[in-house]
Amino acid sequence: FSLCACTAEKEFVLGEFCRNVSFTMDEVPVKGELNFKNKDNITFTIIEPENLKDITFTESQINKDDITISYSKLKDNSPVYILLSVVRNLSESGIYLPMNDEFTFTGETDSAEYKVIFDCEKEEIKRIETEKFIYNFE
């Protein structure tokens with residue numbers, strides 16, 4: 001008679017992905033493409049609203065066409081910076097998901113406390129919630 005170490009959880013490792021993410025900022029709906037290559041290469045490119053289309057954010061810069069602007073002194077209140085810093089934090093966290101249903105993971109970055117709701121069967125992020133913003137992954 002022997003016992004085998006079985007678990008109803010699996011380790012979640014944030015791998016390279018590209019997903020559309022939407023949130024509301026000052027009653028304005030924003031939609032963009034979140035591109036995660038690794039913890040040091042995360043970008044968010046705005047799709048909507050049209051007047052902000054194609055602006056790309058990193059954790060420290062905004063890029064549009066050939067113009068790059070550093071926003072390091074303003075970033076803590078930026079909804080995009082909060083999103084990017086939460087994703088970076090997730091890439092460095094040890095997360096174990098149950099085999100099915102949803103799972104909520106809580107954490108904190110230098111600018112926000114957050115909850116991440118995972119779809120366990122698909123092993124992907126459904127939503128990130130902070131005090132000020134809700135980011136819906138599509």
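The values are calculated or read from the model by the stated rules, or taken from the named source; none is laboratory data. This is a predicted model, so every value here is computed, not measured. Using ideal geometry, Cβ is built from the backbone for each residue, glycine included, and neighbour counts are taken over all protein chains shown. Surface areas here come from the heavy atoms of the whole protein model, side chains and all, with no ligands, DNA or RNA. Shrake-Rupley method; radii C 1.70, N 1.55, O 1.52, S 1.80 Å.
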Residue by residue through segment 90-98, the couplings from Karplus 6.51 cos²θ - 1.76 cosθ + 1.60 with θ = phi - 60°, in Hz, x for Gly and Pro, are 4, 5, 9, 9, x, 10, 10, 9, x
Scoring segment 7-138 by relative contact order with C-alpha pairs under 8 Å, at least six apart, yields a percentage of 22
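Quick check on my link table: of Lys37/Lys126; Lys53/Lys115; Lys37/Lys132, which ones sit more than 21 Å apart, alpha carbon to alpha carbon?
Long pairs (Cα-Cα over 21 Å): Lys53/Lys115; Lys37/Lys132.
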Those trypsin sites (Lys or Arg not before Pro) from segment 42-138 that are DSSP loop and have at most 16 other Cβ neighbours within 10 Å turn out to be Lys53, Lys73, Lys122, Lys132
Expected vector for segment 107-114, Karplus 3J(HN,Hα) from phi with 6.51, -1.76, 1.60 and θ = phi - 60°, integer Hz, x for Gly and Pro, equals x, 8, 10, 5, 10, 6, 8, 8
With a Förster distance of 22 angstrom and the Cβ-Cβ distance between Gln61 and Asp26, calculated FRET efficiency to the nearest 0.05 equals 0.50
Total charge of the residues flanking Val28 in space, meaning their Cβ is under 13 Å from its Cβ, with Lys and Arg +1 and Asp and Glu -1, is -3
Zone reached by a paramagnetic label modelled 7 Å from Thr68 Cα along Cα→Cβ, restricted to segment 76-91 with backbone N below 12 Å, covers none
Taking only the Cα positions of the chain, the convex hull volume per residue in Å³ is 117
Rounded to 0.05, the calculated FRET efficiency for the beta carbons of Ile134 and Asn41 at R₀ = 22 Å is 0.30
With the 1.4 Å probe rolled over protein heavy atoms, the chain has an accessible area per residue in Å² of 61
The summed charge of the Ile125 Cβ neighbourhood (under 12 Å; Lys/Arg +1, Asp/Glu -1) stands at -1
For segment 54-138, the percent of accessible surface on carbon and sulfur atoms (probe 1.4 angstrom, ligands and nucleic acids excluded) is 44
Summing +1 per Lys or Arg and -1 per Asp or Glu among the other residues with Cβ less than 10 Å from Tyr114's Cβ gives -3
Candidates Phe44, Phe118, Phe105; GNM for the chain (alpha-carbon contacts under 10 Å) flags as most fluctuating Phe105
Expected max-MSF residue from Thr109, Thr56, Thr45 in the GNM of the chain (alpha carbon, under 10 Å) is Thr109
